[in-house]
1. Membrane-span-like helices in the chain: DSSP H runs reaching 24 Å or more (Cα, own axis), mean Kyte hydropathy at least 1.0?
2. From Cα coordinates alone, what are the radius of gyration and Dmax values for segment 2-106 in angstrom?
3. Kindly provide log₁₀ I(q)/I(0) values, in the same order as q = 0.15, 0.16 Å⁻¹, from the Debye equation applied to equal alpha-carbon scatterers of the chain.
4. Hey, can you grab everything whose amide H is under 5 Å from the amide H of Asn18? Only 5+ residues off in sequence or another chain; H modelled, so Pro and N-termini drop out.
5. What ranking do Ile232, Ile214 get, fewest neighbouring Cβ atoms within 10 angstrom at the top?
6. Quote the relative contact order of segment 2-106 in percent (integer), defining contacts as alpha-carbon pairs under 8 Å separated by 6+ residues.
7. Using alpha-carbon pairs under 8 Å, 6+ residues apart, how would you state the relative contact order of the chain in percent?
8. Using a 7 Å offset from the Cα along the Cα-to-Cβ direction at both Leu166 and Phe39, what is the distance between the two label points in nm, to one decimal?
Amino acid sequence: MKYNIFLQNQYGSSNILNVDRSELEKIIDVYKYGKDSLFIKGKKYLFHKLIEIQIFTFEHEQITSEEDLLGFCKQNNLIDSGIFGLGEYLPVKTLQHFGKRITDIFITDNYGCLKETKIEVPVKETYVDLDRINEITNLDNDSFDFTKLIAFLKELNSSYFNSSYLSIPLLVRAIIDHIPPIFGKEKFAEVCNNYGSRSFKENMNNLNNSSRKIADSFLHSRIRKQENLPNITQINFRNDLDVLLQEIVRIKKN
């Protein structure tokens, strides 16, 4: 089955003639998704500011090609002035001679009925500030290799972005167990009690106590009849962690 299409927008009228079913489906998609134009058969057709679309079957026994259709219509003065070809097009009354009007089968909603509306989705914050990660990445220190620390921080951001909140306390605990040698200590508890200013010690004790206890509650608990997973509030150690990372950058930055 072949089809003929009549289009009218604010710029004028035109036709898309002798299209097959797959080409017709492309035309319908352009209509439903409210696209401005369509390239088909090597030509651009405008749908912008569309006023009317009509679809007809093309099933004449003797006239079966676009060229024959146009030739016949020219000979019989069935072409109107417009933007088809050299300023001409086949009107609805002409297309009705060569097939049935089937517009209602394919066009049931308004132009652009399926057009996607852009929804502004707020960008989710990172768990570890990206500038802070870059600062640590750029540290050039002969005493320590920060590769594993950077990997921990990137995995924190990945877990946070994907709402994998269960892994965040475990990663934070891994970080605080990993970094004490940077401060000349064996354990993080020594960093909390014996390094830095009073405010730094308070931040580190908060980080140590909250993250370790929450991590332990999920790491060491056995399977039970009912479980609750951590939410975004419970795993928020971001501020104290950033204070720790800031201090690492400060003392190891050349």
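1. Values: long enough: 198-219 (30 Å, -1.05).
Membrane-span-like by this criterion, though nothing is claimed about a membrane: none.
2. Using the Cα atoms of segment 2-106, the pair Rg, Dmax is 12.8, 38 Å.
3. -1.00, -1.10
4. Residues meeting the criterion, in which the H sits 1.01 Å from N, are Tyr3, Asn4, Ile5.
5. Values: Ile232 11, Ile214 19.
Result, fewest neighbours first: Ile232, Ile214.
6. On the way: 163 pairs, mean separation 33.5, N = 105.
About 32 percent, as a whole number.
7. Numbers: 304 pairs, mean separation 39.9, N = 254.
Reported relative contact order: 16 percent.
8. Computed distance between label sites Leu166 and Phe39 equals 5.0 nm.
All of the numbers you see were taken from the coordinates with simple rules; none came from a lab. Given the structure is predicted, the values throughout are model-derived calculations rather than measurements. FYI the Cβ positions are ideal-geometry reconstructions off the backbone, even for glycines, and counts take in every protein chain you see.
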